[in-house]
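The values are calculated or read from the model by the stated rules, or taken from the named source; none is laboratory data. Keep in mind it's a predicted model, so treat the numbers as computed, not measured. Backbone-built Cβ (ideal geometry, glycine too); neighbour counts: all protein chains shown. Side chains included, ligands, DNA and RNA excluded: accessible areas come from the protein's heavy atoms. Shrake-Rupley method; radii C 1.70, N 1.55, O 1.52, S 1.80 Å.
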Amino acid sequence: MNKILLTLFLGLLSYHFTLAQTPDQAFIQMLDSLNNRDEFEQSAALAQRELSKPNLNLDFKASLQYYVGYAFRFSNPGVAEPYLKKSLINARHVGNSKLIFDNLESLNELYCNLPEKEKERDKIAEQLRAMLDTAQTPKMLNRLNTAMSSYYGVLGYHEMQLQCDIKALDAMIQENRDRNLNGNDSANRLIAYMRVASSYLEIKQYPKAVEYLLLGRPNAPVRQPSLFTFYFRDAAIAYLGIGEVKTAELYADSLLALQSLPNVIPGDVRDNYNAIKLTLADHYLGIGKQDSAQFFLAGILPIKDTSQVNPYVINALNLALGKLKMQQGHYAEALQNFGRSEAMFQSMNKEDYVQILRLIAECYTGIGNLKMAVSYYQKYVPLRDTLYLQASKQSIASAEAKFQNKEKQIRIAAQSLQLADVRKQRLLMIVGLVLLGLAFVLLLVIYRNKKKNAEILAVKNRALDEANSTKAKLFSVIGHDLRSPINQVYQFLKLQQQHPTLIDEKEKELLSAKIQSATGTLLETMEDLLLWSKTQMASFSASVQTVPLLPVVQQCKALLQLNIDAKQLSVNVAVTPDVKVQTDAYFLQIILRNLLQNALKAAPNNTSVDVVFSGNCLKIINTGISFKQQDYLNALSDNTTSLSGMGLKLVDELCRKVALRLDFEEREEERTVAILRFS
């Protein structure tokens, strides 16, 4: 059940992933999946069918051409080559660098198996070598070095082949260093170790071959036993090279046992087992043990269909049989074996071909056919010299390559130092810019905080100035409004103390009653002023409401009653009880008290002061020196006028706060009319 759910989940995940792809990308992914399962024929068939459709995207078309060529690169090179060439051209046209490399890699594999394509092989190798000089990623270094290894192997430059195989292995290890290996990764790493070991076998450094085979053994994937057929073959040859014949034979037996396992190709078991037997036979022929050699040759697995067998194995078998017959003195039979391999070695392996020419010449000498012997020696000597020359060139090329590599390493080291300096300078510049940015941000924060604090301080200073101004005004109000009534009380008490005989008892009682009434009103007014001043300590702020006008006028009159009596004035109030105005009661009281007090001061003795409300205006009228509008304005600007003082300035400010307007009439007669206009 769990497997079913897991399969369903993976299917849904794959479905949603496919939906996020274009149809072309999904098709390419399907071809990749087929190739990963080695289903090359089906992959090629699908790609060819898709190529038959018109109006294909050029990039998609190039990919399809590549998959057809890739599928046939070994089985049918004649079909694969044109597809890969067309794909390479189209990939370059669209600038698909990955596809360009894939095509070059596949063409290199194809041409390495076609001796007649030497020029094409060299051109492809030159392009791969140029890409190798600039490659940086471990994956590309691995693939490029592997491709160049195959190229150098075909040329017989085995030392250069070995260098490329070692570099490919190092790149693969670096590529997989930071992740867990899956089955394919392990198999590829084992193959890389085996390639290095095979290169060491080519130059007959058998101990190093054994070393790398043992290093690669832990990576052997259990689920891919087909790889062991090649591993056991190379291990047997390597151990034979170091003289451990029994170990080599053990590996040969182990290889033969693999044919009973599933997923193992019988042809691979047969060819690799026969290769071991031939190597063992050749070893014993080399030391003159013909019986042992014949024993191993007799143990070669039978070959029913030679068309399904690696041609090299058949030719190696004929070569070994020919050597055995030759050592036994059966030259005619040896010639038959050598003759079967001559043509094939001529096209496949020049070293073996030179060897077989020499052996054929010796056989003809053995049977007395000197003419044919001379003919084959004449073929042998130039080719041998050519091989010697190639070996010399290879040595020179290897030495030159080592020198160039060393020079390149020095150049790379110098460039690395330069890059390190550039990175260091860039890092210092970045750090400097970051510090500069931090300093700028810090200065900006400091500036903003300073500005904010300055604004807060300015607001507080303004509030303090306003509070101080308000306090001064409050004390001015209290002092201005209370000074005159208190002064009248003080004068009466002083008169009574200093001249008690000037006033009779009846007048004393009358004045005492008035003083008592005035002082009561004064006390009440003072308490109101003090309570009101507490609410106005920060600033003068009006509280507009409906205020009956008559009680305010009467309270002001009562407070100033002593002043009125002192000058024997009469105050006539013409305000009805139903008159109400929209204003602040305390502000109105201060305004009326100041205006009435000024009127009482200006009025001559034994005259009257009228307080009249009409037309939304309150008029305070007194006789005496006329006080006009211009006098009022002058009083507000300075203190030169006799009736100015703090009183009128305070009245003006309070009037503006409660939207009242104070005017003085322009009259010629000696009379002052103050008009308080309500809005």
Checked region 326-341 for anything outside any loop (DSSP other than H, G, I, E, B), modelled with pLDDT of 80 or more and over 17 Å from residue 281 (Cβ atoms); matches are 331, 332, 335, 336
Counted residues in region 100-113 being open to solvent by less than 10 Å² (accessible area, probe 1.4 Å) and either outside any helix (DSSP H, G or I) or aliphatic (A, V, I, L, M) (or both) come to 3
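Yes/no matrix, rows are residues, columns are (1) at pLDDT 85 or above; (2) within 23 Å of residue 605 (Cα to Cα); (3) out of contact with any strand residue (DSSP E or B) (no Cβ under 9 Å at 6 or more places or on another chain):
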position	(1), (2), (3)
518	no, yes, yes
535	no, no, yes
557	yes, yes, no
563	no, yes, yes
570	yes, yes, no
578	yes, no, no
Does region 584-592 contain any residue that is at pLDDT 85 or above, over 60 Å from the mean Cα position of the chain (by Cα) and not aliphatic (A, V, I, L, M)?
-> yes
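Within the bounds of region 214-231, is there any residue that is of a type in the set (Val, Ile, Thr), more than 19 Å from residue 250 (Cα to Cα) and in contact with an Asp or Glu (Cβ under 8 Å, 6 or more places away or on another chain)?
Step one: filter region 214-231 for residues of a type in the set (Val, Ile, Thr), giving 222, 229.
Now drop any that are not more than 19 Å from residue 250 (Cα to Cα), which leaves 222.
Narrowing the set further to residues that are in contact with an Asp or Glu (Cβ under 8 Å, 6 or more places away or on another chain) leaves none.
There is no residue in region 214-231 that is of a type in the set (Val, Ile, Thr), more than 19 Å from residue 250 (Cα to Cα) and in contact with an Asp or Glu (Cβ under 8 Å, 6 or more places away or on another chain).
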Look through 639, 622, 606 and report the one residue that is at pLDDT 90 or above, open to solvent by 60 Å² or more (accessible area, probe 1.4 Å) and not in a helix (DSSP H, G or I).
-> 606
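Residue-by-condition table, conditions (1) aromatic (Phe, Trp, Tyr); (2) assigned to a helix (DSSP H, G or I):
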{"residue": "53", "(1), (2)": "no, no"}
{"residue": "56", "(1), (2)": "no, no"}
{"residue": "61", "(1), (2)": "no, yes"}
{"residue": "66", "(1), (2)": "yes, yes"}
{"residue": "71", "(1), (2)": "no, yes"}
{"residue": "78", "(1), (2)": "no, yes"}
{"residue": "81", "(1), (2)": "no, yes"}
{"residue": "88", "(1), (2)": "no, yes"}
{"residue": "92", "(1), (2)": "no, yes"}
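Anything in region 650-666 that is outside any strand (DSSP E or B) and open to solvent by 80 Å² or more (accessible area, probe 1.4 Å)? List them, or say none.
656, 657, 666
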Can you find a residue in region 244-255 that is on the phi > 0 side of the Ramachandran plot and not in a helix (DSSP H, G or I)?
-> no
Only unsatisfied item for residue 291, checking (1) at pLDDT 70 or above; (2) surrounded by 15 or more Cβ atoms within 10 Å (Cβ to Cβ), is (2)
If you go through region 278-288, how many residues are open to solvent by 20 Å² or more (accessible area, probe 1.4 Å), in contact (Cβ under 8 Å) with a residue 12 or more places away in the chain and in a helix (DSSP H, G or I)?
-> 4
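Checking the conditions here, which among 390, 394, 346 is surrounded by 14 or more Cβ atoms within 10 Å (Cβ to Cβ), in contact with a helix residue (DSSP H, G or I) (Cβ under 6 Å, 6 or more places away or on another chain) and at pLDDT below 75? Talk me through it step by step, then tell me what you get.
Values: 390 fails: in contact with a helix residue (DSSP H, G or I) (Cβ under 6 Å, 6 or more places away or on another chain); 394 fails: in contact with a helix residue (DSSP H, G or I) (Cβ under 6 Å, 6 or more places away or on another chain).
Among 390, 394, 346, only 346 is surrounded by 14 or more Cβ atoms within 10 Å (Cβ to Cβ), in contact with a helix residue (DSSP H, G or I) (Cβ under 6 Å, 6 or more places away or on another chain) and at pLDDT below 75.
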Subset of region 22-42 [under 24 Å from residue 117 (Cβ atoms) and open to solvent by less than 60 Å² (accessible area, probe 1.4 Å)] = 35, 40
